[in-house]
Amino acid sequence: MKAQQTAPAKAEKGRQKQEGNGQNMYVIAGLGNPKKEYDNTRHNIGFSVIDMLADKTGISVNTAKHKGLLGAGYLNGQKIILVKPLTYMNLSGECIREVLDYYKVDGSTNLIVIHDDISLEPGIIRVRKKGSAGGHNGLKNIIQHLGKDQFVRIKVGVGEKPAGYDLADYVLGHFDREEQVLMKQVSEEVCEAVQMILEKGPDAAMNVYNGRKVEKA
């Protein structure tokens with residue numbers, strides 16, 4: 001006779017099944033650096049977007065595991081995991097690989113990475129399904145850890161560094177007051193793009209968002 005499972009055992013089995021069902025789950029990771037001093041810097045725009053998504057969905061991104069801060073919930077009925085790597089930018093791939101492995105998520109189809117891009121003007125975002133790191137060390141590390149460059153990323157323009165500026169100083173520099181207003185509007189646009197990717201796929205989001213620029217209200 002087959003032994004009956006206890007209620008706790010059934011619950012645990014259900015939890016494991018849910019965690020392992022990565023085909024129905026998206027990992028949305030915003031790149032940045034973890035210390036307070038990096039808040040509102042160009043390099044941390046990915047973190048800022050995750051914070052906005054968390055506010056919109058009611059997800060608390062406060063579970064420390066897999067070398068990052070994680071929060072699980074739903075966006076329009078779609079199960080999502082919001083991720084802020086705590087490895088510092090240049091080692092972001094360590095966290096993202098662990099999260100994908102744990103939840104059995106296919107990074108080629110169900111991962112969205114949000115990051116700053118100095119080759120784009122402020123107010124411009126670009127959705128891409130694959131591509132090189134383009135000099136971005138966080139992306140470079142993710143590609144190394146995943147062993148491929150095929151994953152959706154949303155590039156958020158922060159502007160080219162002025163002549164004579166050190167690149168590190170520029171990307172770690174803080175947005176001024178006017179830039180903060182614009183980047184809040186841009187972050188809203190990125191959140192909309194994420195939602196469209198979940199509902200209609202990256203091609204639809206590329207068609208809508210890659211050809212326009214957010215102007216300061």
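Below, the figures for the structure above:
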item	result
Least to most buried among Arg212, Arg128, Arg177, Arg42 (fewest other Cβ within 10 Å first)	Arg177, Arg212, Arg128, Arg42
Cβ-Cβ FRET estimate between Lys79 and Glu121, R0 fixed at 41 Å, reported to 0.05	0.75
Among beta bridges that DSSP assigns inside the chain, antiparallel share in %, nearest 5	55 percent
Net charge dipole size for the chain [Lys, Arg +1 and Asp, Glu -1 on Cβ; Debye, nearest 20]	980 debye
Gln150 paired with Asp106, simple spin-label distance in nm, labels 7 Å along Cα-to-beta-carbon	0.9 nm
Entries in Lys155/Lys200; Lys36/Lys184; Lys35/Lys84; Lys104/Lys148; Lys36/Lys84; Lys67/Lys200 that, when Cα-Cα distance is taken, lie over 21 Å	Lys67/Lys200
Residues Ser60 and Arg212, FRET efficiency given R0 of 35 Å [Cβ-Cβ distance, rounded to 0.05]	0.60
Value of [θ]222 nm, deg cm²/dmol, for the chain, DSSP H segments ≥ 4, -39500 (n - 2.57) each, nearest 500	-12500 deg cm²/dmol
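Since every read-out is calculated from the coordinates, none of them should be taken as a lab result. These numbers were taken from a predicted model, which means no experiment stands behind them. Methodologically, a virtual Cβ is constructed for each residue, glycine included, from the backbone with ideal geometry; neighbour enumeration extends over all protein chains shown.
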